[in-house]
Amino acid sequence: MLYGRHPTGPLSILKHFWTEDIPEPIGQLKSVTHYPNDLKIKLQLVAEQAGDKVIVLSLDRTLKMYARWISFCTIVEKQSAHSYLVQMPDDR
């Protein structure tokens, strides 16, 4: 007796899983074919737009291992899929 409960060991846990019906996880109910479409929609919703505030990682050319974050820069224009024109806080 363990504070009013029965102790559970590896064999009792195994017996519980063998004798009980395990419900299917909720996230597994969707078809795998729906996942890419849902992911595409979610990625389009969170994509950066002009006027959004972002944090920029600025690399130092003299010290290659030194990088610093410049916070609260504003996106001016999206130039390509992975390239943005960003307005820095000190007008650079």
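Give me 13, 70 sorted ascending by neighbouring Cβ count inside 10 Å, so fewest comes first.
13, 70
Can you pull out the trypsin sites (Lys or Arg not before Pro) in the range 62-91 whose DSSP state is coil and whose Cβ has at most 16 other Cβ atoms within 10 Å?
Passing sites in the range 62-91 are 64.
No value in this document is a laboratory result; all are computed from the given coordinates. None of these values were measured; they are calculated from a predicted model. Note: ideal-geometry Cβ built from the backbone for every residue, glycine included; neighbour counts use all protein chains shown.
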